[in-house]
Protein chains: 2
Amino acid sequence: MSDATVTLSAASAPAPTFSPLYQQIKGLITGCLEAGEWKPGDMIPSEIELAARYKVSQGTVRKAIDELASENLLVRRQGKGTFVATHIEARTQFRFLRLTPIEGEPRYPESVILECRRARAPAEIARLLDLKSGESTVLIRRLLSRGGVPFVLDEIWLPSAIFKGLTAERLTNSRVPLYSLFESEFGTKMIRADEKVRAVLADVATAQVLKVERGAPLLSVDRVAYTYAERPVEVRRGLYSTRDHFYKNELS
Amino acid sequence: MSDATVTLSAASAPAPTFSPLYQQIKGLITGCLEAGEWKPGDMIPSEIELAARYKVSQGTVRKAIDELASENLLVRRQGKGTFVATHIEARTQFRFLRLTPIEGEPRYPESVILECRRARAPAEIARLLDLKSGESTVLIRRLLSRGGVPFVLDEIWLPSAIFKGLTAERLTNSRVPLYSLFESEFGTKMIRADEKVRAVLADVATAQVLKVERGAPLLSVDRVAYTYAERPVEVRRGLYSTRDHFYKNELS
DNA sequence: CAGTGGTCTAGACCACTCT
DNA sequence: GAGTGGTCTAGACCACTGC
């Protein structure tokens, strides 16, 4: 579809919108992604076909796809095709989990769901999620461990409207990362996230769960995660014990 | 023209390794950067000239420069030219300072040099800096404040061999960020850095300097910074008070 | 083998900056 | 106007994948 609009400006005049052709193509592709027309894991049409469809040269499509690939929305595989990025791939597993063991391999942690229930969004959460205050959210409390040793206590808020039918049971029985589940079961793909990290002291309850002393130092990590179109769909408040792990970051 | 073999014209420039032409060009450009042939702030030769010099098409040079620009080694400016990236520009100021005030603008902090002396590298520091244990380093201790309120206590190790003549006085009289000074005065440009963040408790001495309670929670940030060719040239251990600031990170 | 993305070229024109 | 990077095209061939 959508061949008529952009094509006019293709040949000579930059008529309708005033942006490079490849940016417009990029927008059209992003539109297909947002609309769920191409789902995570799907192969998208080949460069040649997209070029024909949009009536531009292959090079222009290529430049659009290049940028989307560098933004981790698409994945190119030589000889196979270009695919919608997915959290199921091992490569993307650790993009959102910055805690690395001080010693040993960064295996994926064990997860225990402590709680999963509906809750009205507190004002702050509602604001971050772009909801009306008091609107229904799913609240998940979770404990992550490595080799039986707990190290992360999480509180996760999700808009109920998107995550209908999410229960502790489905979370517990799933052995895949949360974001993989969100993607496959609820059609919501996390694209990027902002985190704010602080140092705090463990209160009594937290200390008990994480098996540290009361007053032990913890990382407090506030995350807002976004799906397509910069739409916020998750707020997460994590308390990380950094006795055996550190929060890894690359500045570049 | 576009005939027989791309590989032949690649062969005219020696092609001992089997990699795409533009990667080889990228390597040649990087070589000029590492050799200090083009210094930070300099304009590098135009695409057309580089294409002529290396006997490739402009498009190939362009692709090489595109990648270097995306790695923040070069900066393109339409109509002007392509320049070697520098820490003096405002845009790069905050790439390496992830602490953001909870309220207010992220102004650049005030800096007080507490100490600057020669010291033999402890084994751990030597290992990180790729030095022999006991080799001479410059040790800087520094306090950063915002509006008179201290919030970062830093220890910085640098190889003496590179930072000859670095004194507390030169640091104190300089009103530019450290990395700008390193670049302009010592010809060493920081390219990227790895950080490991943990939560710790303030000891007595630290608490006094940072004006927090003893046992207050602090971020401990261990940084190794690299210049060209992944050569480590700085180790930094920072203690951050997150009462008024947070460590900001974007996952993407 | 056909189909995909990856590289390379050559040349056109546009947008921006400086003089 | 001259010189720079930015966009776009058309066509060639290479490298990889899977049938």
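The values are calculated or read from the model by the stated rules, or taken from the named source; none is laboratory data. Note that this is a predicted model, so its numbers are computed, not measured. A quick note on method: Cβ atoms are made from the backbone with ideal geometry, for glycine too, and the neighbour counts reach across all protein chains shown. Surface accessibility is based on the protein's heavy atoms, side chains included, excluding ligands, DNA and RNA. Shrake-Rupley method; radii C 1.70, N 1.55, O 1.52, S 1.80 Å.
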Near A:Lys132, which aspartates and glutamates are there with a Cα under 17 Å away, not counting those fewer than 8 places off in the same chain? A:Glu124, A:Glu234
Can you give the helix-only mean residue ellipticity at 222 nm for chain A, where every DSSP H stretch with n ≥ 4 adds -39500 (n - 2.57) and the sum goes over all residues, rounded to the nearest 500 deg cm²/dmol? -8500 deg cm²/dmol
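Using the Cβ atoms and a cut-off under 12 Å, what net charge is assigned to the surroundings of B:Leu139, where Lys and Arg are +1 and Asp and Glu are -1?
Net local charge, B:Leu139 excluded: +3.
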Order of A:80-91, A:99-110, B:35-46, B:233-244 by packing, highest average Cβ count within 10 Å first? B:233-244, A:80-91, B:35-46, A:99-110
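Run the numbers on chain A and let me know its relative contact order in percent, using alpha-carbon pairs under 8 Å that are six or more apart. Mind dumping the intermediate values first?
Details: 407 pairs, mean separation 39.4, N = 252.
Relative contact order of chain A: 16 percent.
Carbon and sulfur: what percent of the range A:90-247's accessible surface (1.4 Å probe)?
Values: 3810 of 7460 Å².
Ligands and nucleic acids excluded, carbon and sulfur give 51 percent.
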Computed over the range A:64-178, the distribution of all Cα-Cα distances in 5 Å bins, rounded to whole %, is 2, 10, 15, 15, 16, 16, 14, 9, 3, 1, 0
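Which shape class applies to the protein assembly as shown: rounded if a/c is under 1.5, otherwise prolate when a/b exceeds b/c and oblate if not, where a ≥ b ≥ c are the square roots of the Cα gyration tensor eigenvalues?
Working: a/c = 1.96, a/b = 1.08, b/c = 1.81.
The shape class here is oblate.
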Using alpha-carbon positions, what is the distance between the centroids of the range B:119-175 and the range B:193-252, in Å? 14 Å
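For the interface of B with A, what's the total buried accessible surface in square angstrom, probe 1.4 angstrom, rounded to the nearest hundred? Write out the running numbers ahead of the final one.
Numbers: alone 14270 and 13830 Å², together 25500 Å².
What B and A bury together is about 2600 Å².
With every protein chain left in place, what is the accessible area per residue of the protein assembly as shown in square angstrom, probe 1.4 Å?
Numbers: 25500 Å² over 504 residues.
On a per-residue basis, 51 Å².
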Which of the lysines could be linked to A:Lys63 by a straight reach, that is with a Cα gap under 17 Å, when you skip same-chain ones fewer than 8 residues away? A:Lys26, A:Lys55, B:Lys63
1.4 Å probe, heavy atoms, protein only - residues of the range A:178-202 losing at least 20 Å² accessible area vs chain alone: A:Arg192, A:Ala193, A:Asp194, A:Glu195, A:Lys196, A:Val197, A:Arg198, A:Ala199, A:Leu201
7 Å along Cα→Cβ for the label point: how many nanometres lie between B:Glu213 and each equivalent label in the other copies, listed shortest first? 1.5
Give me the aspartates and glutamates in straight-line cross-link reach of B:Lys211: C-alpha distance below 17 Å, same-chain residues under 8 apart excluded. B:Glu110, B:Asp154, B:Asp203, B:Asp244
Taking all pairs of different Cα atoms in the range B:103-234, averaging 1/r and flipping that mean, what Kirkwood radius in angstroms comes out? 15.9 Å
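Mind jotting down a quarter of the surface of the convex hull over the alpha carbons of chain B, in square nanometres, one decimal? List each step's numbers first, then the result.
On the way: hull surface 67.2 nm².
Averaged projected area of chain B's Cα convex hull equals 16.8 nm².
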If you put a point 7 Å past Cα along the Cβ direction, how far is that point for B:Pro106 from the same point in each other copy, in nm, smallest first? 2.2
Hz values of 3J(HN,Hα) by residue in the range A:188-196 - Karplus curve (6.51, -1.76, 1.60), Gly and Pro given as x: 10, 9, 6, 9, 8, 8, 10, 10, 10
Once the label point is placed 7 Å from Cα along Cβ, list for B:Asp244 the distances to the corresponding points in the other copies, in nm, shortest first. 3.8
Theoretical gain in end-to-end length, A:Phe18 to A:Val200 [0.36 nm per residue, Cα-Cα removed]: 60.6 nm
Where labels lie 7 Å past Cα in the beta-carbon direction, separation of B:Lys211 and A:Arg91 in nm: 4.9 nm
In whole Hz, the Karplus estimates of ³J(HN,Hα) for the range B:75-84 (6.51, -1.76, 1.60; θ = phi - 60°; x where Gly or Pro) are 10, 8, 10, 4, x, 10, x, 10, 10, 6
